[in-house]
Amino acid sequence: MFRTETGTPAAAGYRMPAEWAPHAATWLTWPRPEGISFPGRYDGIVPPIWARLAGLLSEEEEVHINVFSDAHRAEIEAALREAKVSFGEGTPVHLHPFPAYEPWCRDHGPIFVTKESGERAVVDWGYNAWGGKYPPCDLDDAVPQHVARLRDLPLYQPGIVMEGGSLDVNGAGTLLTTESCLLNPNRNPHLSKAEIERYLADYLGIQKVLWLGDGILGDDTDGHVDDLTRFVSVDTVVTVVEANPKDENYAPLRENRERLATMTTACGRPLRVVDLPMPCARYCEGQRLPASYANFYIANGKVLVPVFDDPADARACAILQDLFPDRRVVPFDAVDLIWGLGALHCITQQEPL
């Protein structure tokens, strides 16, 4: 049974660790055939993506999968068997009856915070499906409570809307986010920028917030930072840049790059900024898709990088391999995944040790 805490995590000594800190597990929400995320492309395409991801992650950490129903569980088990991924007692892969309508666990899943002593807690931000775009989302919003109950962890509820993909932390007091998302009136219209920063300080242990501008074209989240700029160490970030001046992403990404060049961490260190290329523009049924190499996921022992059958795939992976010499960079085919308007980081949520 989770216990809802009063006060704030920061006051109790908690902070959000960086994604590269050791994981106890990764959480996934398995998509439903009835869901709206992959119109016309679910059967035979989407389940193998999640099964392959579960298999790769389970090589070095536990994988916990949120399941919608008994019928859904049977479908998931069949997909895992087809991919030769072991699951259940005695394996690293576990299924839980924690229903959610859509599979974007980064945004509706639990945010874990930790103390130096190793104690953990869950922060349960409000979730409104990216500004009320895709109702209903009440089941998705409840997932952090299920996880806190399973893990018997304290639960903190800030009472405002926040998605995991809208923020990235270095584990040492610095957080990256975007004005286009966090200041959008479809999230928390009653809060000023300073008030939002206070929530991030109180609930994630943040000392300094670094604000970027707009997100990439096709991103229906109003500009999540995990498609733009990511910490890869305490003072190093990678940021996507568009080489084609005629592409609509060129100007906003250049502006974000210019902002980063002037920024420092909470400790006062200048950011080291490493450029990542953007893949060529991808479309499906006339819709621009938010393909970005920044949507990688840092797991135990490896970094899973979305690739798009693009000439820039190899260069993006090589850049990230240089930045993560102690982890294996694994290219992960995201051509079909991006049709859901998200990639690897969007569907994963780390649980730190």
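Values in this text are rule-based calculations from the coordinates and carry no lab data. Nothing here was measured: the structure is a model prediction, and the numbers come from that model. Cβ placement follows ideal geometry from the backbone for every residue including glycine, while neighbour counts extend to all protein chains displayed.
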ask   = Once you charge only the Cβ atoms, +1 for Lys and Arg and -1 for Asp and Glu, what is the size of the charge dipole of the range 69-164 about its Cα centre, to the nearest 20 debye?
value = 180 debye
key: Counting DSSP beta bridges with both ends in the range 3-352, the antiparallel % (nearest 5)   = 40 percent
message = Can you list residues from other chains, or at least 5 along the same chain, whose modelled amide H is less than 5 Å from the amide H of I65?
response = L28, H94, L95, H96
ask   = Considering only DSSP states other than H, G, I, E and B, which trypsin sites (Lys or Arg not before Pro) in the range 1-104 qualify as loop sites with at most 12 other Cβ atoms within 10 Å?
value = K84
remark   = Here the relative contact order (percent) of the chain, from C-alpha pairs under 8 Å and at least 6 apart, is 20 percent
ask   = 222 nm [θ] for the chain, helices only, -39500 (n - 2.57) per DSSP H run of 4+, per residue, to 500?
value = -6500 deg cm²/dmol
request  = Please give the residues of the range 149-171, grouped as numeric ranges, whose backbone N is less than 17 Å from a label point set 7 Å along the Cα-to-Cβ vector of Q207.
outcome  = 169-171
query = Just how large is the dipole of the chain about the Cα centre, in debye to the nearest 20, putting +1 at every Lys and Arg Cβ and -1 at every Asp and Glu Cβ?
reply = 640 debye
key: Exposure proxy order (Cβ contacts within 10 Å, fewest to most) of D107, D326, D336   = D326, D336, D107
task = Sort S117, S180 so the one with the fewest other Cβ atoms within 10 Å of its own Cβ comes first.
result = S117, S180
message = So, R0 is 51 Å and r is the distance between the beta-carbons of D138 and R328; what FRET efficiency does that work out to, to 0.05?
response = 0.85
Whole-Å semi-axes of the ellipsoid equivalent to the range 260-353 (Cα gyration tensor, √5λ, descending) = 24, 17, 14
ask   = How high is the relative contact order of the range 121-224, given as a whole-number percent (alpha carbon pairs under 8 Å, six or more residues apart)?
value = 29 percent
Kirkwood hydrodynamic radius of the range 165-250, from inverse mean 1/r over distinct Cα pairs, in Å = 13.6 Å
Long-range amide H partners of L212 with built H, under 5 Å = T177, T178, E179
query = Could you put C346, C137, C284 in order, starting from the residue whose Cβ has the fewest other Cβ atoms within 10 Å?
reply = C284, C137, C346
task = Mind giving me the FRET efficiency for S86 and E60? R0 is 25 Å, r the Cβ-Cβ distance, nearest 0.05 is fine.
result = 0.95
key: Taking the range 22-161 and dividing mean pair separation by its residue count, relative contact order in percent (alpha carbons under 8 Å, at least six apart)   = 23 percent
query = Using the Karplus equation 6.51 cos²θ - 1.76 cosθ + 1.60 (θ = phi - 60°), what ³J(HN,Hα) coupling, rounded to whole Hz, does each residue of the range 202-216 give in order, writing x for Gly and Pro?
reply = 6, 9, 10, x, 8, 9, 8, 10, 9, 9, 9, x, 9, x, 8
key: Cα→Cβ-extended label distance, 7 Å offset, between E77 and R41, nm   = 3.0 nm
Loop-resident sites, the range 101-193, for GluC sites (Glu not before Pro), counting at most 11 other Cβ within 10 Å (DSSP) = E116
request  = Write out the trypsin sites (Lys or Arg not before Pro) in the range 164-271 meeting two conditions: DSSP loop, and at most 15 other Cβ atoms within 10 Å of their Cβ.
outcome  = K246
